[in-house]
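The values are calculated or read from the model by the stated rules, or taken from the named source; none is laboratory data. Please read all numbers here as calculations on a predicted model, not as lab measurements. Note: ideal-geometry Cβ built from the backbone for every residue, glycine included; neighbour counts use all protein chains shown.
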Number of protein chains: 2
Amino acid sequence: MKQSKLFTKTQKNSPADEESKNAKLLIQAGYISKEMAGVYSFLPLGLIVLEKINKIIKEEMEKIGGQEILMSALQCHDVWQESGRWDDKVVDVWFKTFLKSGGELGLGFSHEEPLTKNMKNFICSYKDLPFYPYQIQTKFRNEKRAKSGLMRGREFLMKDLYSFSKDEKEHNDFYEKISEAYFKIFERLDLKDLTYKTFADGGSFSKYSHEFQTESDAGEDIVYLDREKKIAINQEVYTDEVIEDLGLKKENLEKVKTAETGNIFTLGTKFSDALNLKYKDEKGEDKSVFMGSYGIGPSRIMGLLVEIFSDEKGIVWPKSVSPFLVHLVSLEKNEEAEKIYQKLKENNIEVLFDDREKISAGEKFSDSDLLGISYRVIVSEKSLNSGGFEVKKREEKEAKILSEKNLLDFFISEK
Amino acid sequence: MKQSKLFTKTQKNSPADEESKNAKLLIQAGYISKEMAGVYSFLPLGLIVLEKINKIIKEEMEKIGGQEILMSALQCHDVWQESGRWDDKVVDVWFKTFLKSGGELGLGFSHEEPLTKNMKNFICSYKDLPFYPYQIQTKFRNEKRAKSGLMRGREFLMKDLYSFSKDEKEHNDFYEKISEAYFKIFERLDLKDLTYKTFADGGSFSKYSHEFQTESDAGEDIVYLDREKKIAINQEVYTDEVIEDLGLKKENLEKVKTAETGNIFTLGTKFSDALNLKYKDEKGEDKSVFMGSYGIGPSRIMGLLVEIFSDEKGIVWPKSVSPFLVHLVSLEKNEEAEKIYQKLKENNIEVLFDDREKISAGEKFSDSDLLGISYRVIVSEKSLNSGGFEVKKREEKEAKILSEKNLLDFFISEK
């Protein structure tokens, strides 16, 4: 893509009305724009990053048998009344609205109830189980405060998968599988080393639920972390009893700030009982379907990546979600730049080409650092006289000169 | 994909609470499920179809320079008050809600206002224009009645592109370009022959706007159609004066029922003036940006395709949006079926494999007809004894026997 054609531009200063680093940098670089606190629109480069995060999540969900669906945001109150979650005293983040033809509606903050109800059409006998629908869909939560940019949205993207199993044993097998899939996702996002499976409150059906907590000062959670064993306890359930139960020792636990990047939850028969979702077992007897839910927030992760992977000059995207692999920066209008741009495209290398004229080299460099694309390639008279193109990783200081052939070979191998 | 793994199932009967053919068939076949009137969720096969429609639209928008974005559903009232469209008397389809922290919000039924406001960050001089952001995003409209399935949604998917140009001439060039792009989209959806560019009310800035109206008894519009010239007049503006203005003759015009599948609209400076979106021209003088908006509804189109392409047995998807190219139906458990399934997959041919056991041949055939996948391939002892596989287009009566090699060659050429 040619930068001269891109309608977004970087801004000289970061927005004054944002507190969080992720919102400041993403707005300044033109990735997102603010509609109101906790509500952002994604501009072209921001949508590319978000879609790359979505793709990684989708691929890992498909590998473990996830089947993608897309549910509605608008919610009928009846099904939520059956489960007891329509009441604002029970769920305090509802946005509610009215149908002109009569009746109150909600905007989905999660989808256990409508999905459980829908599944009555498809579950009859034990032969129909297990299965795993998931969606990447917009959720709405009426948060009182939203000052963390993409990390706490009033409208945000969520991957939510729901498991429908015959019994607890079948459920537990999948629970382990998706836990591994989550770590694969975090690995592909360069977050694995910072992310810990964390024991949290299990609700009415299980002793614990599990959160994936990623170490970051921008997070809003506190966990007690055993770095060696790579597990943590959320402070909500941090008691001597729990420490002992998990075989941990108080002296090995470190208190750290984290951001919740995922959670997996055993729902048991809470929703299937409330909404009467049953199947007939081998003996023809009615049994309640055993459920689980599994969330991960692509837009929150995008914000967190910026919090973690950035420096004083701007963003430093992990390669897997960088909007392009290469930022090709031409310092003068020259044919060589256009030629190498075409060659990179012919080789299916994702490239943003800063072909803008009458912009100083300094401005181009600072824009490039702010955008944070994985590799910067400079084409200039100087680089060409030195034998080719000046190549540098975003986070490195030193560049090296590569010939056209070596440049193409290198980026083909880096794809 | 193996049908035995697909969690959705066809239903014996079509839903009693639906009037429209598209909702009846799509629900019965397990493509969508109903949340409430005018609000549907997309199940795995339905989401595949919807994504194929989206992909066609995206490709044609990218070809004419569209840059994809994703705006928020939640809307601040202030920007809509500036344009005069916050008032329920002006716009009667708002869903409105409240922030817990104070303030009324709306759910976007369209995005002219917030986008125009956002563009102030990116438009300074004439050199920044023109450009064309677009999104495929969920819209909310509080319709009093919604009985047409996917064809009139209270929550539905919309592709909305907005053009920002220097002046009317630059605008008109793009207006023609996107008009052609729309016909390419309809061509790829097998709707071109039924779709007519229709003159409709232009609003405050231009004499006419243009609708793309597709002939269908399921439509809610009436147009007067000149079949030879392939243009039509919406009955809203059907007057002797307009007929004359367009060089048409009353006696050549046929009154037909149609569904609006797209519209393109010259907005002029209505929104840029209201929200003060200006640029500096070559002489350094302030000018208002000249705008247009261009809509097309992927989920509505999905409904319309079912209305048009279906018979008494079920859906007959156009090949370009069929959830799979091939429905492979195995009548007995046999190794040949599994083998050809693997071969088709190896050749990147999209295939749904009905590998379900203990289901009668009759039930499998009627499910296959209901689902409406472009080609049905039967593997049975009988077909194998006749030399291979029984292949039939969904809409054809006669099948033919193809050997494995011919089958693969045929579907590779059909991809």
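With the requirement that a residue be of a type outside the set (Gly, Ala, Ser) and in contact (Cβ under 8 Å) with a residue 40 or more places away in the chain, what does the range B:225-259 give you?
B:Val242, B:Leu246, B:Val256, B:Lys257, B:Thr258
Based on what the data block shows, is A:Ile64 buried (at least 20 other Cβ atoms within 10 Å of the Cβ) and assigned by TED's automatic domain parsing to the domain that holds A:Asp173? Against the criterion (buried (at least 20 other Cβ atoms within 10 Å of the Cβ) and assigned by TED's automatic domain parsing to the domain that holds A:Asp173), A:Ile64 does not qualify.
Restricting the search to the range B:67-97, which residues are among the hydrophobic types (A, V, I, L, M, F, W, C) and either assigned to a loop (DSSP other than H, G, I, E, B) or within 8 Å of another protein chain (Cβ to nearest Cβ) (or both)? Please lay out each step first, then the result.
Of the range B:67-97, the ones among the hydrophobic types (A, V, I, L, M, F, W, C) are B:69-71, B:73-74, B:76, B:79-80, B:86, B:90-91, B:93-95.
Result: B:Ile69, B:Leu70, B:Met71, B:Ala73, B:Leu74, B:Cys76, B:Trp86, B:Val90, B:Val91, B:Val93, B:Trp94, B:Phe95.
Which residue out of A:Gln3, A:Gln11 is polar (S, T, N, Q) and within 11 Å of chain B (Cβ to nearest Cβ)?
Just one listed residue meets the conditions, A:Gln11.
Scanning the range A:207-225 for residues that are within 20 Å of A:Leu248 (Cα to Cα) and not in a strand (DSSP E or B) yields a single hit, A:Lys207. Residues that are part of a helix (DSSP H, G or I) and either of a type in the set (Lys, Arg) or more than 14 Å from chain B (Cβ to nearest Cβ) (or both) were ranked within the range A:150-173; the one that is surrounded by the fewest Cβ atoms within 10 Å (Cβ to Cβ) is A:Lys169. Scoring A:Glu357 on the criteria (1) at pLDDT below 95; (2) in contact with a strand residue (DSSP E or B) (Cβ under 6 Å, 6 or more places away or on another chain) leaves a single failure, condition (2). Note on the range A:125-172: among residues that are out of contact with any Leu (no Cβ under 8 Å at 6 or more places or on another chain) and small (Gly, Ala, Ser), the one that is nearest to A:Glu51 (Cα to Cα) is A:Gly153.
Residues that are surrounded by fewer than 16 Cβ atoms within 10 Å (Cβ to Cβ) and at positive phi within the range A:186-233 comprise A:Gly203, A:Lys230, listed in sequence order. Would the range A:14-37 turn up any residue that is within 12 Å of chain B (Cβ to nearest Cβ) and under 16 Å from the mean Cα position of the chain (by Cα)? Within the range A:14-37, one or more residues are within 12 Å of chain B (Cβ to nearest Cβ) and under 16 Å from the mean Cα position of the chain (by Cα). Filter the range A:383-415 down to the residues that are at pLDDT 95 or above and basic (Lys, Arg), then identify the one that is farthest from the chain's Cα centre (by Cα). Step by step, filter the range A:383-415, then rank; the result is A:Lys405. Annotation: of all residues in the range B:43-65 being outside any helix (DSSP H, G or I) and within 10 Å of another protein chain (Cβ to nearest Cβ), the one that is farthest from A:Leu6 (Cα to Cα) is B:Leu43. Note on the range A:98-112: among residues that are more than 16 Å from B:Tyr40 (Cα to Cα) and facing chain B (nearest Cβ under 7 Å), the one that is surrounded by the fewest Cβ atoms within 10 Å (Cβ to Cβ) is A:Ser101.
Within this structure, A:Glu113 fails the test of being in contact with a Pro (Cβ under 7 Å, 6 or more places away or on another chain) and not in a loop (DSSP other than H, G, I, E, B).
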